[in-house]
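Asks: After the structure tokens below, expect a handful of questions from me.
The values are calculated or read from the model by the stated rules, or taken from the named source; none is laboratory data. No experiment lies behind these values; they were computed from the predicted model shown. FYI the Cβ positions are ideal-geometry reconstructions off the backbone, even for glycines, and counts take in every protein chain you see.
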Amino acid sequence: MTAQVHPAARRILPPARTAVLLGLLVLVGFVIRIDALRNSAPEVPVLGDARAYHLLAENLAEGRGYIRPYEFAAGGEQIKTAEYPPGLPVLLAVATKAGAGSETSQRVLLCGVGALTVGLVGLIGRRLGGDGVGYLAALVAAVHPGLWNADVSLMAEPLASFTGAALVLVALAVVNRPQTWRWLVLGAVAGLGCFVRSEFLLMGPALLAIVAWKTADGWRPRLGHLALGLGALVVVLVPWTVRNLAAFDGELVPLSNNSGSVAQGANCDAAYSGQFKGLWVTNVALDGNDADAARAGCFTGFDLSRGNEAQVAAELRADGLSYLKGHTGQLPGVMAVRLGRTFGLSQFTQQRNFAAAEGRNPLWDGRGTRGFQLLAVVGIAGLVISSVRRTRSWDRWLLVVPPAAVVVIVALTYGNPRFRAAAEPAIVVLAALGTFDIIEALRATSARRRPTSPAT
């Protein structure tokens, strides 16, 4: 079914003019992000995970390998790690080798990645709805604080947004022309996404399965296309998995050991009730004092005296799963709070205040969440309207996959607004499409209500 949209959206300009206009919006997005970085950098130091990413990249660039960052920084110990997926550290290591080794220069690089996401969002919107939708989507992506406020941090979220947008764009290219090499590219991008954030473990295979189902007739070609994509995904992951087998004495670690710390820290008394319900919680003292007794049983850190990192991670996972099994009655409520924290429906002020520790401006983090909510409402309204009026083709529903993957991952782990990153570009495009849907529906309603002149 051919999409029927507002004429202003449907019009397609020559490629050169489109490139210029989208390029200008990318530039606007970059300027906004650099200005935000200039204002936030003195106030928001690089700590925690952000500092770890920087140190991991530094060690890679200087030839020490992928080693635990804080242990090396503290005492020079070179302990192999897979606690963090390698996507962002490898990118930052390349930047370091190219001369951009400071924390500030690496944050500028991620602002550039965020600006490029603006262009990808515009291309997705153009593919689904025409120029009007594409330009509106790119403009929103450029100014939406839910995107640019995350892009100034030295975290994986800017790369997650970029990869999420790239994955959807490649999926749409496969829909347009399901050639073998495009299936391989789609699978490869999905595999690379897994090195950035865990949502891609669901997002990639889901997109592959949907596109395979809709673009082929019969089970054999569908399974063949799916196999191509999944095969490419696996090929991308294999070298890292083999490295981990060697690093951890034959322990199978396809992606990271972080699942152990997440399992223990998100499944404990403090994470199931009280002010930290729905969060990841640690009882490790960050100020050098004794561990917090109120958080006993939560993440205790990687005690490598008990084995290598993978072995300890397995123990942490088992501990977390054991707690979960003993408290399944509380789990639905905990899951609801996890989702509420992520989407601004629970503990809004607390989550906003946590943002500073992750390199984001707290005020704009809250505004980004409110903006996301507005965009989601407009996008959902557009989906409803287009479904009722049957004015959209099925490929628009591919945009639902990233938010759905985020919902599943958050419900199974813990809540944090930054976990929306991989889904944020899709929501922006849905909102742009929804805006034109709403305008067209209002125009159609007005036309039906307009009295017609009597025949003479």
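Asks: With the checklist (1) crowded, with 23+ Cβ neighbours inside 10 Å; (2) in contact with an Asp or Glu (Cβ under 9 Å, 6 or more places away or on another chain) in hand, flag the one item residue 428 doesn't pass.
Replies: (2)
Asks: What's the total number of residues in region 408-447 that are under 21 Å from the mean Cα position of the chain (by Cα), over 14 Å from residue 262 (Cβ atoms) and not aliphatic (A, V, I, L, M)?
Replies: 5
Asks: Here's a follow-up. If you take the residues in region 137-167 that are crowded, with 24+ Cβ neighbours inside 10 Å, hydrophobic (A, V, I, L, M, F, W, C) and farther than 20 Å from residue 369 by Cβ, which one is modelled with the lowest pLDDT?
Replies: Selected residue: 154.
Asks: To continue, here is another question. Those residues that are touching a residue at least 24 places away in the same chain (Cβ under 8 Å), surrounded by fewer than 22 Cβ atoms within 10 Å (Cβ to Cβ) and not basic (Lys, Arg), I need them from region 375-396; list them, please.
Replies: Scanning region 375-396 gives 376, 378, 380, 381, 383, 385, 391, 393, 394, 395.
Asks: For region 324-349, give me each residue that is free of Cβ contacts under 8 Å to residues at least 60 places away in the same chain and crowded, with 19+ Cβ neighbours inside 10 Å.
Replies: Scanning region 324-349 gives no hits.
Asks: Let me ask something else. I'm trying to understand the selection: among the residues of region 404-418, which are in a helix (DSSP H, G or I) and either crowded, with 24+ Cβ neighbours inside 10 Å or of a type in the set (Lys, Arg) (or both)? Can you show your working first?
Replies: Of region 404-418, the ones in a helix (DSSP H, G or I) are 404-412, 417-418.
Selection gives 405, 406, 417, 418.
Asks: Which condition from (1) surrounded by fewer than 23 Cβ atoms within 10 Å (Cβ to Cβ); (2) under 30 Å from residue 245 (Cα atoms) is the one that residue 299 breaks?
Replies: Residue 299 satisfies all of (1) surrounded by fewer than 23 Cβ atoms within 10 Å (Cβ to Cβ); (2) under 30 Å from residue 245 (Cα atoms) except (1).
Asks: Regarding region 282-292, can at least one residue be identified that is among the aliphatic types (A, V, I, L, M), more than 27 Å from residue 157 (Cβ to Cβ), part of a helix (DSSP H, G or I) and over 26 Å from the mean Cα position of the chain (by Cα)?
Replies: Scanning region 282-292 turns up no residue that is among the aliphatic types (A, V, I, L, M), more than 27 Å from residue 157 (Cβ to Cβ), part of a helix (DSSP H, G or I) and over 26 Å from the mean Cα position of the chain (by Cα).
Asks: Quick one: which of 317, 360, 352 is of a type in the set (D, E, K, R), under 20 Å from the mean Cα position of the chain (by Cα) and either in a helix (DSSP H, G or I) or surrounded by fewer than 21 Cβ atoms within 10 Å (Cβ to Cβ) (or both)?
Replies: 352
Asks: Please name all residue pairs, on different chains or six or more residues apart, with Cβ atoms under 6 Å, provided the first residue is in region 251-280 and is touching a residue at least 40 places away in the same chain (Cβ under 8 Å) and at positive phi and the second residue is buried (at least 19 other Cβ atoms within 10 Å of the Cβ) and small (Gly, Ala, Ser).
Replies: That search, which allows pairs on different chains as well, returns 278/415.
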